[in-house]
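See below for the structure under consideration.
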Amino acid sequence: MIRKATTSWKTLSYAIIAIWLLFSIAPLLWLVGASLKTPEEAAAFPPTIVNETFTLQNFGRVLQSRGFGGGGEFRPQIRVGRLSISGPSLPPGIRPFWNSISLAATTTFFSLAISTMAGYVLALYRFPLRGFMRVFVLLSQQIPIILMIVPLFLVLATYRLAFTFTGLNLALIVFVTPFSTWLMMGFFAVMPVSILESARIDGAGDLKIFLRIMLPLATPGIATAAIFAFTRAWNEFMIVLALSRGQDSLPYTVGLFNFFGEYGSGSWHLIAAAALLASLPVLVLFTVFQKYFISGMTSGAVKQ
Amino acid sequence: MKMELVNLNKTFRDAVAVRDVSLEVGHGELAAFLGPSGCGKTTTLLNIAGVYKPTSGDILFDGVRVNELQPKERDIGMVFQSYALYPHMSAYENIVFSLVLKKRPKDEMQREAKRVADMLGIGHLLDRSPSQLSGGQQQRVALARALIKRPKLLLFDEPLSNLDARLRMSMREEIKRLQVELGITSVYVTHDQVEAMSMADKVAVMQDGNLLAYVPPGELHEHPRTIFIAQFIGSPSMNILDAEFVMKEGKPTVILAGGKVELEVPQDRIPKLSGESRAVKFGIRPEHVFLEPQATSDAYAAVTFVESMGRENLVVCDVDGQRLQFLSAPGETVHLGDHVGMKIDMKRVQFFDPESGLSLLWT
């Protein structure tokens, strides 16, 4: 039985939550504040807690900066096979974000394509070495990335993919997929077997069961895996730094790194603006997809 | 369709789930597989469905071996305990899913869905998703989904176990009515003996993967082949007492309660024994024991427990250290600690071999 919360308890719990919220959101607020300061206020010591000045110029300077974006003006291009669509001319600072988005999006797509199928098979099918393979998927996550960079570089070099966008993309997929597979495996493993048997009796083959029954039911899991894959690819720095060369294909993490180097610690307002721009896509992604974390798609499927 | 199992075996690694089961379900018959959990009844059903492949033995549909056929090639409909509805589809989409897979035209789907939905009284629920349906409604959708394929064989895996008692009773009637009307051969797995006894034409009792009996419900109740069946069928369950069977002054006699009780055995209930006298298990159902004034009673014992069952009371006595329970008629009041006399209807007794548990009356 649940006791009805008293008013004082409610007040206290809200207070605790509020304090915790403030504590966790403070760095973000500071970042937003700093990105809106004029250079003079940003350089002031002691620093001001609440902004005295507000300006959007910092964002403009970041986006126009050659050091961040490299090269001149930027035209986004989407190529699918021979078809190619060019976008409008944009400031050079957009380029690293565009690079990151296309990297993260392709990584997410391919890692999901692999991990949903692999997770499904590893969770629900019986075959020799299954147990070993399941452990191996997890084990591959325990190796520090730094150890993998040299061997990975050699593999990519063998196939003439070193320092190419495709090579970088492949590397990211390789790093993201095992965990997504592990995640999907967990989701599929708790699916009621009777639904699967029922579909089989209804006449669905393995592929139909996967596409029409299991994938829709795994939507929350897929959303989780997608967010994970996207943020991981979006935030990846080490692999990208080691496996990319040249200004044009740099993702924003390396761009940010170069940008810091160029402007040093004197320009907190610019660094804050760049960092805020960098974290926006992930913030948006989480806000849009968070409902999938809490939605119970399988409710009503099976009476437990 | 006639369904036969011939020496069916199913082994999971080292564990034997089904051992040498052979039986035949005639056209339009409903066979119930009855047994406690883990007895192999669901495994047998999933073998028939084709979800499992038998380790050895054959499954015959109308005399044709179907061991190698995929579930979808077997012309079966199945209803699961958990309903197993597809939660992301509406009731209508659930019902027609098998037709969608066969790429049937839309109007045929609608016509067929209407046919089965009307049959089950769920026509007004077709737009709802499974989570918006009650347990009974979900089970009807599941049944409709099984029936739309016009299956030759219907398989039920404890379909009513998740419903409350009253709904269970009405669904029981309804399933039986549909099954008889449509004349579909059916296999019905349950652990509920009332369900099995009331619905089935024949009941297969299973224990530890073995088929103990495959007989009509009445015979199961009246002529139990083993102690397990005798105690599993019927509620409250049959009393089993240690006893000795002797010929006393030329009369067949059973001695109970360490010699305190001697009862004459009627001719048609004399156990088949090799020797003259032997230890046996004596079985009598609670409804065949009656209260009796002490002067004419067969046995006399202290009441150790009285349980009200509404219309009548279940009285538990201690007969020389052994438990004997019987039903007292309405109006007869018995209290804890009373000493009561009992009359035993000897025409209804059962005898079992104490070692093997097999009946000494029926084979």
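The values are calculated or read from the model by the stated rules, or taken from the named source; none is laboratory data. It should be emphasised that the depicted structure is a prediction, and the values quoted were computed from it without experimental measurement. All Cβ positions, glycine included, derive from the backbone under ideal geometry; neighbour counts span all protein chains shown. We work out accessible area using only protein heavy atoms, side chains counted, and drop any ligands, DNA or RNA first. Shrake-Rupley method; radii C 1.70, N 1.55, O 1.52, S 1.80 Å.
Quick notes
- When the criteria are applied in full, B:Ser134 meets the requirement of being over 24 Å from B:Pro36 (Cα atoms), at pLDDT below 90, surrounded by fewer than 17 Cβ atoms within 10 Å (Cβ to Cβ) and within 14 Å of chain A (Cβ to nearest Cβ).
- Close pairs (9 angstrom Cβ cut-off, 6 or more residues apart or separate chains): touching a residue at least 24 places away in the same chain (Cβ under 8 Å) and loosely packed, with under 15 Cβ neighbours inside 10 Å in segment B:328-348, in a strand (DSSP E or B) and of a type in the set (Phe, Trp, Tyr) anywhere: B:Ala329/B:Phe290; B:Leu336/B:Phe305; B:His339/B:Tyr300; B:Asp345/B:Phe290
- Residues that are out of contact with any helix residue (DSSP H, G or I) (no Cβ under 7 Å at 6 or more places or on another chain) and away from chain B (no Cβ under 14 Å) within segment A:183-194 comprise just one, A:Gly186.
So that you can scan it fast, the table gives a plain yes or no per residue for (1) touching a His at 6+ places or on another chain (Cβ under 7 Å); (2) modelled with pLDDT of 90 or more:
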| residue | (1), (2) |
| --- | --- |
| B:Val6 | no, yes |
| B:Lys10 | no, yes |
| B:Arg13 | no, no |
| B:Val25 | no, yes |
| B:Glu29 | no, yes |
| B:Ala32 | no, yes |
| B:Pro36 | yes, no |
| B:Leu45 | no, yes |
| B:Ala49 | no, yes |
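- Meeting the requirement of 2 or more residues that are in contact with a helix residue (DSSP H, G or I) (Cβ under 6 Å, 6 or more places away or on another chain), within 14 Å of chain A (Cβ to nearest Cβ) and open to solvent by 60 Å² or more (accessible area, probe 1.4 Å), no strands (runs of 3 or more DSSP E) wholly within segment B:1-118 can be named.
- Test: residue in segment B:204-220 that is acidic (Asp, Glu) and either outside the structural domain of B:Lys347 (by TED's automatic domain parsing) or touching a strand residue (DSSP E or B) at 6+ places or on another chain (Cβ under 9 Å) (or both): yes
- Answer from A:Phe210, A:Phe188, A:Phe165 - the residue that is in contact with a Gly (Cβ under 7 Å, 6 or more places away or on another chain) and touching a residue at least 40 places away in the same chain (Cβ under 8 Å): A:Phe188
Condition check ((1) under 26 Å from B:Gly63 (Cβ atoms); (2) in a loop (DSSP other than H, G, I, E, B)) across all residues:
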site: B:Glu181; (1), (2): yes, no
site: B:Leu211; (1), (2): yes, no
site: B:Pro224; (1), (2): no, yes
site: B:Ala230; (1), (2): no, no
site: B:Pro252; (1), (2): no, no
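- Looking across segment A:195-222 at every residue that is of a type in the set (A, V, I, L, M, F, W, C), assigned to a helix (DSSP H, G or I) and farther than 21 Å from A:Trp182 by Cα, the one that is farthest from the other protein chains (Cβ to nearest Cβ) is identified as A:Ala199.
- Test: residue in segment B:301-310 that is open to solvent by 10 Å² or more (accessible area, probe 1.4 Å), out of contact with any Phe, Trp or Tyr (no Cβ under 7 Å at 6 or more places or on another chain) and among the β-branched types (Val, Ile, Thr): yes
Listed here are the residues, each with its yes/no results for (1) open to solvent by 50 Å² or more (accessible area, probe 1.4 Å); (2) within 23 Å of A:Thr253 (Cα to Cα); (3) of a type in the set (Asp, Glu); (4) in contact (Cβ under 8 Å) with a residue 40 or more places away in the chain.
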| position | (1), (2), (3), (4) |
| --- | --- |
| A:Asn99 | no, yes, no, yes |
| A:Phe132 | yes, no, no, no |
| A:Gln142 | yes, no, no, no |
| A:Ile145 | no, yes, no, yes |
| A:Leu161 | no, yes, no, no |
| A:Pro178 | no, yes, no, yes |
| A:Met184 | no, no, no, yes |
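- For segment B:264-310, residues that are in contact with a Cys (Cβ under 7 Å, 6 or more places away or on another chain) and over 28 Å from B:Leu360 (Cβ atoms) total 3.
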